[in-house]
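The values are calculated or read from the model by the stated rules, or taken from the named source; none is laboratory data. As the structure is a computational prediction, the values presented were derived from the model and not from experiment. All Cβ positions, glycine included, derive from the backbone under ideal geometry; neighbour counts span all protein chains shown.
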Amino acid sequence: MSLFKTTIPPKLFIRGLLKLLFMNRSSVILFIGLSLSLVSCRVFRFSEFREMERSNIFSVSEVDNCFILNGVINSSALRSFKTLCQIYPDIKKINIVNCDGSINDDVNLQLAAYVHEKGFNIHLMDNAEIASGGVDFFLAGIKRTCGDNTKIGVHSWSEGRLQATDLAEGHKYHQEYIDYYRTIGFTQQQAEDFYYFTIYAAPPEEVHWMTEKEILYFKLITG
């Protein structure tokens, strides 16, 4: 049974973990003892975190001529995806089975920007669930579609005791996400509206599953 549980969501907690790794030996021991929680609030042991980092979350469906994403976006995701694009240059669609978030937010935003730049469409398969950084990734699709019984979850982020909602609107820590939404086609107003909606929708340790009305209002599905 784990002694620790972090409320830092997938999109940001990797930063705190990396800081620990570059501190003293006792901090590394503490780091190894930590359990990590994803958006579902399930507690993850270090061994599970390490397994997620090793996972190959992308695969190929030659029958459907698409890439398949299933899992948490990890530090090797961008490199793996670029390799697939070199092998299958004609594929321009990604089907998502599930994506609960990311464990490296910098990589996630770089991957999403690359996906958008290359003109990929993204589809949520039947019963797919995306949350937190997984939503940021989904929004990179030029055309975004969904099957039946899909769920889209959002929440605030935190880093240590600091939560996004502790900061005034316009603070520099908010800007990274607002800038990202602009690079994938949102207007400044749309980027700010959606970002601030997400951080006030639920605290870091919880998830707000968006209603159909909210999904339509923010134009998350385009087709």
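Residues in segment 172-182 that are surrounded by fewer than 16 Cβ atoms within 10 Å (Cβ to Cβ) and either in contact with a helix residue (DSSP H, G or I) (Cβ under 9 Å, 6 or more places away or on another chain) or part of a strand (DSSP E or B) (or both): how many?
4
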Being more than 13 Å from A131 (Cα to Cα) and touching a residue at least 40 places away in the same chain (Cβ under 8 Å) is the filter; apply it to segment 200-214 and report the residue that is surrounded by the most Cβ atoms within 10 Å (Cβ to Cβ). P203
Qualifying residues in segment 155-171 (those that are part of a helix (DSSP H, G or I) and either in contact (Cβ under 8 Å) with a residue 24 or more places away in the chain or outside the structural domain of A201 (by TED's automatic domain parsing) (or both)) - the one surrounded by the most Cβ atoms within 10 Å (Cβ to Cβ): A164
Tell me the residue from N127, N149 that is surrounded by fewer than 19 Cβ atoms within 10 Å (Cβ to Cβ), part of a loop (DSSP other than H, G, I, E, B) and modelled with pLDDT of 95 or more, please. N149
Restricting to segment 191-223, and then to whatever is in contact with a Ser or Thr (Cβ under 7 Å, 6 or more places away or on another chain) and in a loop (DSSP other than H, G, I, E, B), can you tell me which residue is modelled with the lowest pLDDT? G223
Here the residues within segment 65-86 that are in contact with a helix residue (DSSP H, G or I) (Cβ under 7 Å, 6 or more places away or on another chain) and hydroxyl-bearing (S, T, Y) are S75
Filter result for G119 (part of a loop (DSSP other than H, G, I, E, B) and either surrounded by fewer than 19 Cβ atoms within 10 Å (Cβ to Cβ) or assigned by TED's automatic domain parsing to the domain that holds P89 (or both)): yes
If G185 satisfies every condition in (1) crowded, with 18+ Cβ neighbours inside 10 Å; (2) assigned to a loop (DSSP other than H, G, I, E, B) but one, which is the exception? (1)
